[in-house]
Amino acid sequence: MKNILTAVTATLALNVMATDVPVSGNVQMRCLITTDIPGVYGNPLPQKLSTATADGGVLPVVRYDVTLADSYKAKITTPTSFSSSPALIDTVTWTGSTSVAQTSDAGMSGYEAAKVTYDATTEYDLTVAGSTWFSATLSATNGYDKAFPGGVYSAVLVAECIAK
Amino acid sequence: MNNRGVTILICTAVFIAGLILTVDAKAHEMTPTYPKFESSFVSGVMKTKMRLFNRRNDVKYYEIGVFDSEWKPVPFVTSYKLLQMDYLETVSFDLYINTKDLSNSTYICSKSKLIKSDVISTGIASRICSKIK
């Protein structure tokens, strides 16, 4: 009986075959824009809307993932008008600034110092492969310190990744 | 609570946080970065294939545009200039440009189109541009 069991076990063992399952992948040269946090305006004063944390807002955060070094530029343009709002009579003053919030590589430490700002746009040269998080502080102030009328206000920040 | 319990609790919290971050990721991707053109079935017209991936659950439409080095629009043909895409959908599309316009073409861009009513407080529009070399 013992011999039969041994023979059966040996037969089963012979039938068990290991198969290599190939897993392949391809990392393409690409730029990925991820909207980590859309951002929220706080209303610290009746005439002011701001995404600053101190003003009760939430900073919008955008992440850029690039898989090829020195091939892309990040351009972030802060809003200069509301995409929707109640009717406004006075001129709104817009301010916006973009900064590097976090990086995945120590080589990206120079991004902030090397940024180029014009109008409402800030450009970063993405010279290192990896992820970079950018945050933007936005504010809108109603003219003559008049309170913003009640309603829903929204504005759009534009994040661009341009191949060099 | 003993050390093992604390470890399990931390691991569970990290896993849930990771899951939330993964699920909530909203990304826009277009490849290739440097498209190559080839002859199409129409003489005098060149074509390339682009691929767009929508991982933004807040975006359903992407606009395609071709521009020269000064960001002036260049005429081109695709099946749709405004692509409707579901969340996590990948779309490959052929883009055709006249041979005479191709020498002036520098960028192929896709821009997310936000629906006005969907933007709450601040919205983020994303644009990715590939370069024709």
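Coordinate-derived values only; no laboratory data. None of the values given here were measured: they were computed from a predicted structure. When we count neighbours, we look across all protein chains shown, and the Cβ atoms used for this are built from the backbone with ideal geometry, even at glycine.
For chain A, modelled as a GNM whose springs connect Cα atoms under 10 angstrom apart, the maximal fluctuation among A:K146, A:K73, A:K115 occurs at A:K146.
Counting Lys and Arg as +1 and Asp and Glu as -1, each charge on the Cβ, what is the dipole of the protein assembly as shown about the Cα centre in debye, to the nearest 20? It would help to have the intermediate numbers written out before the result.
On the way: 27 positive and 25 negative charges, 112 e Å.
Approximately 540 debye in magnitude.
Considering only DSSP states other than H, G, I, E and B, which GluC sites (Glu not before Pro) in the stretch B:35-133 qualify as loop sites with at most 11 other Cβ atoms within 10 Å? Write down the numbers at each step before the final one.
Numbers: sites: B:E38, B:E63, B:E70, B:E89; in loops: B:E70.
Sparse-neighbourhood loop GluC sites (Glu not before Pro): B:E70.
Here's the picture: a label point sits 7 Å out from the Cα of A:D125 along the beta-carbon direction, and within the stretch A:136-164 the residues with their amide nitrogen under 14 Å of it are A:164.
Of the chymotrypsin sites (Phe, Trp or Tyr not before Pro) found in the stretch B:75-109, those in coil by DSSP whose Cβ has at most 13 other Cβ atoms within 10 Å are B:Y80, B:Y87.
Computed from backbone phi, the HN-Hα couplings of the stretch A:121-129 come to 10, 10, 10, 10, 8, 8, 8, 10, 6 Hz, rounded to whole numbers (Karplus: 6.51 cos²θ - 1.76 cosθ + 1.60, θ = phi - 60°; Gly and Pro given as x). GNM on chain A, alpha-carbon springs under 10 angstrom: the most fluctuating residue among A:S71, A:S84, A:S99 is A:S84.
A cut-off of 5 Å between modelled amide H atoms, ignoring neighbours fewer than 5 places along the same chain, links A:F148 with A:Q47, A:K48. Selection among B:I120, B:T106, B:F93 by position relative to the dipole of the stretch B:26-131 gives B:I120 as farthest towards the positive end (Cβ unit charges, Cα centre).
Hey, which of these cross-link pairs are over 25 Å Cα-Cα: B:K72/B:K100; B:K113/B:K133; B:K81/B:K133; A:K164/B:K60; B:K49/B:K133; A:K164/B:K72?
Details: B:K72/B:K100 16 Å; B:K113/B:K133 27 Å; B:K81/B:K133 22 Å; A:K164/B:K60 27 Å; B:K49/B:K133 15 Å; A:K164/B:K72 17 Å.
The answer is B:K113/B:K133; A:K164/B:K60.
Contact order, relative form, for chain A: 30 percent (alpha carbon pairs under 8 Å, 6 or more residues apart, mean separation divided by residue count). Positive end of the dipole of the stretch A:28-163 (Cβ unit charges, origin at the Cα centre): among A:L138, A:L68, A:T91, the Cα lying farthest that way belongs to A:T91. The 3J(HN,Hα) values that the Karplus relation (6.51, -1.76, 1.60; θ = phi - 60°) gives for the stretch B:56-70 are, in residue order, 9, 6, 9, 10, 10, 10, 10, 9, 9, x, 10, 9, 8, 5, 9 Hz. Gly and Pro appear as x. Could you tell me whether the protein assembly as shown comes out rounded, prolate or oblate from its Cα gyration tensor? Rule is a ≥ b ≥ c as square roots of the eigenvalues, rounded for a/c under 1.5, then prolate if a/b exceeds b/c, otherwise oblate. The shape class here is oblate. Specify the residue with the greatest mean-square fluctuation among A:L138, A:L126, A:L32, computed from a Gaussian network of chain A linking alpha-carbon atoms under 10 Å apart. The residue with the greatest mean-square fluctuation here is A:L32.
Relative to the Cα centre, what is the charge dipole magnitude of chain A, using +1 at the beta carbon of each Lys and Arg, -1 at the beta carbon of each Asp and Glu, and rounding to the nearest 20 debye? Numbers along the way, then the final one.
Working: 9 positive and 13 negative charges, 78 e Å.
The calculated dipole for chain A is roughly 380 debye.
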